[in-house]
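Comments concern the structure below.
The values are calculated or read from the model by the stated rules, or taken from the named source; none is laboratory data. A quick note: this is a predicted structure, and the numbers were derived from the prediction, not measured. Note that we place each Cβ from the backbone using ideal geometry, even for glycine, and neighbour counts take in every protein chain shown.
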Ligand code: DLZ
Ligand code: SF4
């Protein structure tokens, strides 16, 4: 090529209109994509997530080639694959001798830190373009946040509604005269409701090749590629969007917080992995939802609830991530240090809610926000799992997880490890909440109505134990004032009982080295160590 630009597209930037491809000159430029071992192993990603990304990458490459664009695509098993973005880029630059490299701002801090070294290493300019798939530019978010004592998602969201015009009337007021219909979105799901499930797609030849590779290289892992049915092209992702808008959206609002043990998806859209990888633009998703509302096909609480997730929460966590990194990844204000229990990686647990949600995660590389926040997240919060370990778990097991979205959601929202920067109170809950929102408790070995003793639902005493253990940090939180007054009124005997039940329960949570679950420790730049490796290193240092 010599002279043109090398356009480097990462695995979660699979959008024909991505910034790095803009102004592409098909005569002189080469588009570059690479499958690299580092990205597949820095956390032990779910095999379906790896298969999804590799297949979508290969499909994008094929589409571009069919349009006459020169594509240099490095497969994971290509000879000489160095296993890293930087190594592969260096080899590509030697092959093509471009004048410059053009990339889009990545979704993870560790990749940005690496990217900033590329120009020097390669001896040519590396242009890092803003990722404009988002509604709110990072600079705009920083300007919005500046000078505010406390950030509030709701205020950011209102500004985004005004800016985008979604669900706004001709007078600049929110449609329905209210900004937020969340209070109407917490209905328990009635029995015998028919749910649509996500649209699934039969693997084509490209996907079948990828599935073979993933089976060989990444199984056994947490989950497998059996039943793989994700869309892997923008065209199919659009069909999945249309399917959701037609069959799921109308009831998404009412039941978005509900959980059912025999239903994996209820009325959720299962579109986040498409949006986060670049197959769907958030704007086209919101446009489709707005259109369905305008046509009278879906109620306002459904349209508003959905649009809020996309233009509000999703953009808000991204803004916080980039404003607060790299320090954010190290936050641990509650001083939590317990190892993640083995059952997160699939060993049995008698707690039915956790067993079901983890099993679904293993099968589908997906669970919905309340399953993540109030089951797996709530439990990790209550027993005090070290934030870096639970963050790595979420990053690994969910097909839609990248650091920009996973870290604030897990470290901030779930673990309250940022001291309330992202959310104003910890989302701690006992068994009552889970029982109200699901049908898990009916088939559980524990009794959700019992508060104490070996048969009692562990969430019931762990909830109070969490408040006792973190009293110093949390007692001043206004939103916890009522629960702390209740705790203060409890007899000493009752508090002792709570402590004893909790200690007994936690002593039984084994973290068995012999099983060697792929637990991970991630340092600032993303290198990962299993606990066994950590312990071996520590032993080597002391011995
Ligand atoms: C998650 C992932 C995986 C598993 N593999 C690759 C890969 O081989 N090549 C690639 O370009 N991207 C991959 N990704 C997505 C990257 O991890 C993601 O682009 C960065 O973390 C930046 O968000
Ligand atoms: Fe979960 Fe407790 Fe209900 Fe069992 S009884 S499913 S542990 S909330």
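Summary of values
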item	result
Single match in 426, 454, 458 (criterion: out of contact with any helix residue (DSSP H, G or I) (no Cβ under 7 Å at 6 or more places or on another chain) and away from ligand 1 (no atom under 16 Å from the Cβ))	454
Hey, residue 266 crowded, with 19+ Cβ neighbours inside 10 Å and touching a helix residue (DSSP H, G or I) at 6+ places or on another chain (Cβ under 8 Å) or not	no
Test: residue 210 is part of a loop (DSSP other than H, G, I, E, B), out of contact with any strand residue (DSSP E or B) (no Cβ under 8 Å at 6 or more places or on another chain) and touching a residue at least 60 places away in the same chain (Cβ under 8 Å)	no
Every pair of residues 6+ apart whose Cβ atoms lie under 9 Å, when the first sits in the stretch 346-362 and is under 17 Å from residue 270 (Cβ atoms) while the second is near ligand 2 (Cβ under 8 Å from one of its atoms) and not in a helix (DSSP H, G or I)	357/440
Count of residues meeting criterion [farther than 12 Å from residue 398 by Cβ and touching a strand residue (DSSP E or B) at 6+ places or on another chain (Cβ under 7 Å)] in the stretch 349-364	1
Number of positions in the stretch 364-385 that are part of a helix (DSSP H, G or I), at pLDDT 95 or above and more than 17 Å from residue 258 (Cβ to Cβ)	5
Subset of the stretch 369-392 [more than 13 Å from residue 336 (Cβ to Cβ) and within 16 Å of ligand 1 (Cβ to nearest atom)]	392
Out of 296, 312, 319, sole residue that is in a loop (DSSP other than H, G, I, E, B) and either surrounded by fewer than 21 Cβ atoms within 10 Å (Cβ to Cβ) or out of contact with any strand residue (DSSP E or B) (no Cβ under 7 Å at 6 or more places or on another chain) (or both)	296
Number of positions in the stretch 147-173 that are farther than 24 Å from residue 321 by Cβ and without any contact (Cβ under 8 Å) to a residue 40 or more places away in the chain	7
Any pair with Cβ under 6 angstrom, 6 or more apart, that starts in the stretch 11-30 at a residue that is over 18 Å from residue 59 (Cβ atoms) and within 16 Å of ligand 1 (Cβ to nearest atom) and ends at one that is assigned to a strand (DSSP E or B) and modelled with pLDDT of 95 or more	19/104; 19/129; 30/6; 30/70; 30/72
Criterion: more than 16 Å from ligand 2 (Cβ to nearest atom), out of contact with any helix residue (DSSP H, G or I) (no Cβ under 7 Å at 6 or more places or on another chain), closer than 22 Å to residue 125 by Cα and not in a loop (DSSP other than H, G, I, E, B) - qualifying residue of 26, 20	20
Count - residues of the stretch 35-86 that are touching a strand residue (DSSP E or B) at 6+ places or on another chain (Cβ under 9 Å), surrounded by fewer than 18 Cβ atoms within 10 Å (Cβ to Cβ) and in a helix (DSSP H, G or I)	3
Residue ID - nearest to the chain's Cα centre (by Cα), chosen from residues in the stretch 213-255 that are closer than 10 Å to residue 51 by Cβ and surrounded by fewer than 22 Cβ atoms within 10 Å (Cβ to Cβ)	224
Selected residue [surrounded by fewer than 22 Cβ atoms within 10 Å (Cβ to Cβ) and farther than 30 Å from residue 132 by Cα] from 380, 355	355
Criterion: within 16 Å of ligand 2 (Cβ to nearest atom) and over 23 Å from residue 339 (Cβ atoms) - qualifying residue of 423, 453	453
Hits in the stretch 276-308 (condition: over 16 Å from residue 174 (Cβ atoms) and free of Cβ contacts under 8 Å to residues at least 60 places away in the same chain)	280, 284, 285, 287, 288, 291, 292, 295, 296, 297, 298
Residue 186 within 24 Å of the chain's Cα centre (by Cα), surrounded by 18 or more Cβ atoms within 10 Å (Cβ to Cβ) and in a loop (DSSP other than H, G, I, E, B)	no
Residues of the stretch 37-55 that turn out to be within 11 Å of ligand 1 (Cβ to nearest atom) and in contact with a helix residue (DSSP H, G or I) (Cβ under 6 Å, 6 or more places away or on another chain), as a count	9
Conditions (1) within 15 Å of ligand 1 (Cβ to nearest atom); (2) in contact with a strand residue (DSSP E or B) (Cβ under 7 Å, 6 or more places away or on another chain): number failed by residue 161	(1)
Count - residues of the stretch 456-478 that are over 18 Å from residue 492 (Cβ atoms) and either modelled with pLDDT of 95 or more or within 10 Å of ligand 2 (Cβ to nearest atom) (or both)	9
Tally, over the stretch 414-436, of residues that are crowded, with 23+ Cβ neighbours inside 10 Å, assigned to a helix (DSSP H, G or I) and in contact (Cβ under 8 Å) with a residue 40 or more places away in the chain	2
Number of the exception - residue 115 against (1) over 27 Å from the mean Cα position of the chain (by Cα); (2) more than 28 Å from residue 303 (Cα to Cα)	(1)
Close pairs (6 angstrom Cβ cut-off, 6 or more residues apart or separate chains): more than 20 Å from residue 258 (Cα to Cα) in the stretch 441-460, away from ligand 1 (no atom under 16 Å from the Cβ) and outside any loop (DSSP other than H, G, I, E, B) anywhere	450/456; 451/460; 452/497; 452/501; 455/447; 458/505
Residue satisfying condition, being assigned to a helix (DSSP H, G or I) and within 16 Å of ligand 1 (Cβ to nearest atom), within set 401, 329, 355	329
